[in-house]
Amino acid sequence: MPFSEQKEPSIITIAHGAIAVFKPAGWHSVFQGVELKSPRALNERSAADFEDMVSWLSSHADLLPASELKDAAKAWQARFAGLQAQVQPKAADRFLSELGMLYRLDRETSGIMLFALDRATMESMRAAQNAFMLKKRYILMSEASDIELAGSLPRSRSAEREVLLSALYEGNTMPIVSYFRSYGPRGGLVSCIEPSFRLKAKKKITKDRYQTDLSAAKPMQWPAAGAICIEAEIRKGFRHQIRAHCAWLGLPIIGDLQYGGGSSKRLWLEAFSVSLMDGRQCVAEWKLHDGPTAILQQ
């Protein structure tokens, strides 16, 4: 079911060399105990004390099949048992430090995450992602708003909103393309720079441009009056990409206070499917649910 109120992560499936895990909204993707540098500080906490997916997976290593991932997860258990000095992973070893994580989700975003069972799968899947062969699909609940997205060029595309929505309601897929510029505390937020405005940007922007494909829009009266259910697809992601693109169009996601969305109990954005593509053919898929189709069946 989309937007489950489940508070704890859970294993969805193990297939195609990866384990698919559900991340609840509010959980971090990566380890949150890096500031605890001494064995004693770590000994005073357990992996279950940290609401991040790496700690959760390490504390549930016994649920994993025999694999390099299981060995790495058990090494994390040993770290919390006071053997930090022996099992501290090198910073460059992302398989150990992130337990084979293939991509991250924002803390506020719920949904499916993949962890490779071995190093070879991690490397091949990351190569596929860099080659735009890993398709990630999201469901979101949005609402119309004229709040400006700070620092964007042009400042807003909300004037195009009704035309875009009409096309989406008719079953078309609409691509949203931009460069990004970081701003705010520690550069934690992003603004959108339309490709034609790239040379006019006065501050540093991303080297690459990023595309979000919107589709399958339906008007809803849940979770708020005037809500719009939309599917979003990305092949190459940047921090807050879907959130910023929607806000730029005057369609901020409900609950996204950082980007102009209305107040709600949560951010209504969820990753529901990951597919490995070979051209236009899907060769592997990991799925949480059926996205917008599942919403309409409720």
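If you filter region 160-188 down to residues that are of a type in the set (D, E, K, R) and outside any loop (DSSP other than H, G, I, E, B), you find that the one that is farthest from E148 (Cα to Cα) is R186. So, of the residues in region 124-145 that are among the charged types (D, E, K, R) and at pLDDT 95 or above, which turns out to be surrounded by the fewest Cβ atoms within 10 Å (Cβ to Cβ)? Applying the filter and picking the extreme gives K135. Among the residues of region 189-202, those identified as of a type outside the set (V, I, T) and in contact (Cβ under 8 Å) with a residue 40 or more places away in the chain are L189, S191, C192, E194, F197, K200, A201.
When we screen V190, V163 for residues that are in contact with a helix residue (DSSP H, G or I) (Cβ under 8 Å, 6 or more places away or on another chain) and assigned by TED's automatic domain parsing to the domain that holds E285, the only hit is V190.
For region 161-180, does any single residue satisfy the condition of being among the charged types (D, E, K, R) and within 25 Å of S264 (Cα to Cα)? Taking every residue of region 161-180 in turn, at least one turns out to be among the charged types (D, E, K, R) and within 25 Å of S264 (Cα to Cα).
Filtered by the rule that a residue be among the basic types (K, R) and either over 17 Å from F272 (Cβ atoms) or crowded, with 21+ Cβ neighbours inside 10 Å (or both), region 205-259 gives K207, R209, K236, R239, R243.
Going by what's in this entry, would P154 be described as modelled with pLDDT under 95 and closer than 21 Å to T212 by Cβ?
So P154 fits the description; yes.
Conditions (1) more than 30 Å from M1 (Cβ to Cβ); (2) modelled with pLDDT of 95 or more; (3) in a loop (DSSP other than H, G, I, E, B); (4) over 17 Å from the mean Cα position of the chain (by Cα), marked per residue:
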| position | (1), (2), (3), (4) |
| --- | --- |
| F22 | no, yes, no, no |
| V30 | no, no, yes, no |
| L42 | yes, no, no, yes |
| V54 | no, no, no, no |
| D62 | no, no, no, yes |
| A66 | yes, yes, yes, yes |
| A78 | yes, no, no, yes |
| Q84 | yes, no, no, yes |
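Considering only residues in region 171-204 that are aliphatic (A, V, I, L, M) and surrounded by 12 or more Cβ atoms within 10 Å (Cβ to Cβ), the one that is nearest to N130 (Cα to Cα) turns out to be V177. The condition (being β-branched (V, I, T), within 23 Å of F22 (Cα to Cα) and at pLDDT below 95) is satisfied by just one residue among I295, I253, I230, I234: I295. If you go through region 118-151 and keep only what is part of a loop (DSSP other than H, G, I, E, B) and over 19 Å from Q211 (Cα atoms), you end up with D118, E143, A144, S145, D146, I147, E148, A150.
The values are calculated or read from the model by the stated rules, or taken from the named source; none is laboratory data. The structure displayed is predicted, hence computed values, not measured ones. We place every Cβ from the backbone using ideal geometry, glycine too, and count neighbours over all the protein chains shown.
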